[in-house]
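The values are calculated or read from the model by the stated rules, or taken from the named source; none is laboratory data. Not measured: the values here are computed from a predicted model. With ideal geometry, Cβ positions are generated from the backbone for all residues, glycine too; neighbour counts draw on all protein chains shown. Protein only, heavy atoms only, side chains kept; ligands, DNA and RNA dropped before computing areas. Shrake-Rupley method; radii C 1.70, N 1.55, O 1.52, S 1.80 Å.
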Amino acid sequence: MTSALPTDLAAACGAALDELRRRTPLVQCLTNEVTTNLVANALLAIGASPAMASVPGEAEELAGAAGAVLVNLGTPGPDQRACLAPTVAAAAGAGVPWVLDPVAVGVLSVRTRLAGHLLGERPAVVRGNASEVRALAGFVSAGRGVDARDDVDTSADAADALARRTGGVVAVSGPVDLVTDGITHVRLAVGDRLLTTITGSGCALGGLVAAFTSVAPPLTAAVAASAALGLAAERAVIDARGPASFQVGLLDELYLLTPDDLACRVAAAQRIGVPA
Amino acid sequence: MTSALPTDLAAACGAALDELRRRTPLVQCLTNEVTTNLVANALLAIGASPAMASVPGEAEELAGAAGAVLVNLGTPGPDQRACLAPTVAAAAGAGVPWVLDPVAVGVLSVRTRLAGHLLGERPAVVRGNASEVRALAGFVSAGRGVDARDDVDTSADAADALARRTGGVVAVSGPVDLVTDGITHVRLAVGDRLLTTITGSGCALGGLVAAFTSVAPPLTAAVAASAALGLAAERAVIDARGPASFQVGLLDELYLLTPDDLACRVAAAQRIGVPA
Amino acid sequence: MTSALPTDLAAACGAALDELRRRTPLVQCLTNEVTTNLVANALLAIGASPAMASVPGEAEELAGAAGAVLVNLGTPGPDQRACLAPTVAAAAGAGVPWVLDPVAVGVLSVRTRLAGHLLGERPAVVRGNASEVRALAGFVSAGRGVDARDDVDTSADAADALARRTGGVVAVSGPVDLVTDGITHVRLAVGDRLLTTITGSGCALGGLVAAFTSVAPPLTAAVAASAALGLAAERAVIDARGPASFQVGLLDELYLLTPDDLACRVAAAQRIGVPA
């Protein structure tokens, strides 16, 4: 699996969604208790089959048999702390791609240490906000927790450094999303500000990235997931009255999204031509 | 409390809902962290009073005083593993009916062992999908986790064997639900395919079964719960745009469901006459 | 920070919401796994920035730097039991106001002991139902868990006693909310019965109280939070079909609430003049 940019990125994203719906890959999630329900429902809506096995002995048996693994460090409880290393090792050993969502890394000490240890197992994609990516890459950050204070643009160097270190892809979420493998940059101006008014939109994106890594190379997977969530948000905002009706619409629209919709949105985002 | 089929099953289901609304029984739940909010809201919507006490020392004190107990093995964390045996023993000791939802049993090892140990305490109802029921009964299964790969029909023998072993009722969820006490079979073609597109519809059903066991014999309780969730789903799908608006509608419709609605739906399901 | 009643309570509540939106205070929550998602989304909707760090080592580092801390005892799992004392001590030591939501205290033993120990750290506000407040104050109660059996009015003495003991404010939720600092009583007839048909409306209120304590004295904060949730509920019920659509509307309306809306609602509640 290479992370090289496909000749036709838009078509590749559409094909990935098509394949995802066909295969319904099992995505094993070590995720966080605040948003686990939303992540599971986002995975179902996009066409994957979520599993949230987080008990020592079970988490790793599922990881080796899954299509992809998600590790979200939002609430690293006792079982998760015990599961992290064996689960990621099982995924890596079985060639199953895994995605790291380093929630609040750089702000809180326990998860910052945990994330540092996990990087050696080479996540296919790291998905975080600018503060988290900068912290994980060892750059100084201005974060204060789960919300991002750093701009995506000022984090491009950190994202590149982190991608080169893991040999994978780094996806930085913000008003403009940045996806990089350390060399090639893709920027996507998708989504809506309402995504920041609900808890777990970043976590859901991490889950979608994991789902797409089971059917596409990491760079395509990260772009497809960002565009899918972004397009669903753009559609959901039309009838939303506030954050909760927006979240309902977001999941509905993810479910209704077609491969053509996704390909067209990626193509449009590229035509708009945010400079890389 | 006997599980014999009442002469008028439809009327008995309606009466059970009426009684449930009147008594608002406390349902003590050891449930899973992915779907606990949905289970609690489904219990409130049907008219029960949910409690999610899962701390050692508290779980068992509530179990003995509850109207029913739900044990859902979806995420058996450290406290739940410590609570399971004393909670179920407290329920059994006090004559409080308890319901086992063996999520992903047969696929994951820790919970498979846990479920096996719990069976000796004779759950009033085991509610699972076909794969889970087959695994729990000791039959070979084709499951890969939380979604069912086995057909309900091919699981009738396993369900019967399991029911005879526990002396209770087994409810197998699928496109057609099967409820059996080992001798009498009730099949219900209720619900909608959208139930499979949200996480926790099976967990919610487990909760509803528990609520109904506090006011009706196990066979009636399992039929009433399946029909209640199924009918709510059939109504919710009318205005649903996708899975999230469907889930909102599902809970609203459970709340709006009347005893007459429920009795009529059970009667209709029987008239349609899925052969037993 | 004093809890004296401001001359113009309505204006003070409106100003507090304005300030909350401007500062987006970090609210560190040790909360419960049934309702954590709702609490986080309610905090986002009102304008705060929720953090749910509940791991030993992290919970206390965030508490000292937060605008306010929420402690909800609904599901006191192993990490939370280990975190409670150091987190509350860190908040108290840094002068960060903290709010105690004593869910099911008086009914379940483990949390009743935990709550008793925490009182010494002088919560700015205790927010509970009548049963919980009576139990915490040492009065005999009729509760059986998370729902309240005691009337708010019969709990005024207990609330006063508890407020004098902590030196803070006690907010008793019910059909009429009572807020007291041990001397001054404010009663608010706000909200809607549908609040009792969803899980977590009390937990959400606890979160809102915490958010408001970061920008206003405890008495004003508790009144502002009760009125904000109550007014959002009154608006949400208009288009609600049942509890789930009501919950969607509740969060939307919290988000749409303006400082003027809030000030007017508090003024109206006072004009209606529930006798203190």
- Task: State which residue is farthest from the other protein chains (Cβ to nearest Cβ) when the search covers only the stretch C:199-215 and only residues that are open to solvent by less than 20 Å² (accessible area, probe 1.4 Å) and either over 19 Å from residue C:35 (Cβ atoms) or in contact with a Phe, Trp or Tyr (Cβ under 7 Å, 6 or more places away or on another chain) (or both).
- Result: C:213
- Query: Any residue at all in the stretch B:81-104 that is over 28 Å from residue B:187 (Cα atoms), of a type in the set (S, T, N, Q) and within 14 Å of chain A (Cβ to nearest Cβ)?
  - Reply: no
- Query: Taking the stretch B:103-129, which residues are in contact (Cβ under 8 Å) with a residue 40 or more places away in the chain and assigned to a strand (DSSP E or B)?
  - Reply: B:125, B:126, B:127, B:128, B:129
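Any residue in the stretch A:52-60 that is closer than 30 Å to residue A:184 by Cβ and at pLDDT 95 or above? Break it down into steps so the answer makes sense when it comes.
So in the stretch A:52-60, the residues closer than 30 Å to residue A:184 by Cβ come out as none.
Among the residues of the stretch A:52-60, not one is closer than 30 Å to residue A:184 by Cβ and at pLDDT 95 or above, which makes the answer no.
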- Message: Whether any residue in the stretch C:251-272 is at pLDDT below 95 and of a type outside the set (A, V, I, L, M) is what I want to check.
- Response: yes
- Any residue in the stretch C:171-185 that is under 22 Å from residue C:19 (Cα atoms), away from every other protein chain (no Cβ under 14 Å) and not in a helix (DSSP H, G or I)? yes
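Is it fair to say residue C:100 is farther than 23 Å from residue C:181 by Cβ and either crowded, with 24+ Cβ neighbours inside 10 Å or in contact (Cβ under 8 Å) with a residue 40 or more places away in the chain (or both)?
In short, no.
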- Item | Candidate set from the stretch B:105-141 (those that are over 21 Å from residue B:187 (Cβ atoms) and among the β-branched types (Val, Ile, Thr)); member that is least open to solvent (accessible area, probe 1.4 Å) | B:105
- For the stretch C:84-109, what are the residues that are at pLDDT below 95 and farther than 19 Å from residue C:200 by Cα? C:109
- Task: Give the residues of the stretch C:20-54 that are within 9 Å of chain A (Cβ to nearest Cβ) and more than 24 Å from residue C:85 (Cβ to Cβ), sorted by residue number.
- Result: C:24, C:37, C:41, C:44, C:45, C:49
- Query: Given the stretch B:1-88, what helices (runs of 4 or more DSSP H) lie entirely inside it while holding 1 or more residues that are surrounded by fewer than 20 Cβ atoms within 10 Å (Cβ to Cβ) and on the phi < 0 side of the Ramachandran plot?
  - Reply: B:9-23, B:59-63
